[in-house]
Amino acid sequence: MLFRSGILITDGDAVVLQHRAAWTHEGGTWALPGGAKDSHEDAVAAALREAVEETTLDPVHVTPFDEWVDEHGGWSYTTVLARADHRVALEPANPESVAVRWWPVSEVAGLELHAGFAAAWPHLQARL
């Protein structure tokens, strides 16, 4: 079974999303920083590691508070929800992202979202 995880960072009013580079899966869409879990990692460790690899996030500024697992038969995606202690400035840290920014929660559904994130968004929004 393949396990992937990502992180949804919020300050209560907005969330952090990455704009995926054109060459990535569903490139040009907005999604969460995330990726494959290493065999020794739990979902939180993997989500934080991926966020650090993909953005300029310093994990000291976020506190995980919930997880939501989306099962797909043979693989799963765990979204780690985390609160930021303040609205930290973030930038892309590698070529997988063309932008990283805070979006008001009320505007997320109107963005061009990665299909998996779009399907998960109503469940995640309810947990914010």
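The values are calculated or read from the model by the stated rules, or taken from the named source; none is laboratory data. No experiment lies behind these values; they were computed from the predicted model shown. Neighbour counts are summed over all protein chains in view; Cβ atoms, including those assigned to glycine, are modelled from backbone coordinates with ideal geometry. The accessibility values were calculated without ligands, DNA or RNA, using every heavy atom of the protein model including side chains. Shrake-Rupley method; radii C 1.70, N 1.55, O 1.52, S 1.80 Å.
If I take R0 = 25 Å and measure r between the Cβ atoms of R87 and M1 in this structure, what FRET efficiency does the formula 1/(1 + (r/R0)^6) give, to the nearest 0.05?
Details: r = 36 Å, r/R0 = 1.44.
E(calc), rounded to 0.05, equals 0.10.
Largest first, how would F65, F117, F3 line up by accessible area (1.4 Å probe)? Mind showing how you got there, number by number?
On the way: F65 65, F117 15, F3 90 Å².
Heavy-atom accessible area, descending, gives F3, F65, F117.
If you count only protein heavy atoms with a 1.4 Å probe, what accessible area per residue comes out for the range 1-79, rounded to a whole Å²?
Values: 3600 Å² over 79 residues.
Here the per-residue accessible area is 46 Å².
Using a cut-off of under 17 Å, list every residue of the range 51-66 whose amide N is near the label point 7 Å from the Cα of R101 along the Cα-to-beta-carbon line.
Residues 55-56 qualify, since their backbone N sits under 17 Å from the label point.
Over the chain, with every protein chain in place, what whole percent of the accessible area is carbon and sulfur at 1.4 Å, could you tell me? Intermediate values should be presented prior to the final figure.
Values: 3350 of 6270 Å².
Carbon-and-sulfur percentage of accessible area, whole number: 53.
Tell me the label only: which of [x] 2, 8, 12, 15, 16, 14, 10, 7, 5, 4, 3, 2, 1, 1, 0; [y] 2, 12, 23, 27, 23, 12, 2, 0; [z] 2, 11, 20, 25, 20, 14, 6, 2, 0 is P(r) over Cα pairs in 5 Å bins from 0, in percent as calculated from this structure?
[y]
Which whole-Hz ³J(HN,Hα) couplings does the range 90-97 yield from phi under the Karplus relation 6.51 cos²θ - 1.76 cosθ + 1.60, θ = phi - 60°, glycine and proline marked x?
Once θ is set to phi - 60°, the couplings for the range 90-97 become 10, 9, x, 10, 8, x, 5, 10 Hz.
For the chain, calculate the relative contact order in percent as a whole number, restricting contacts to Cα pairs under 8 Å that are 6 or more residues apart.
Working: 266 pairs, mean separation 43.2, N = 128.
Taking the mean separation of contacting Cα pairs over the length of the chain, I get 34 percent.
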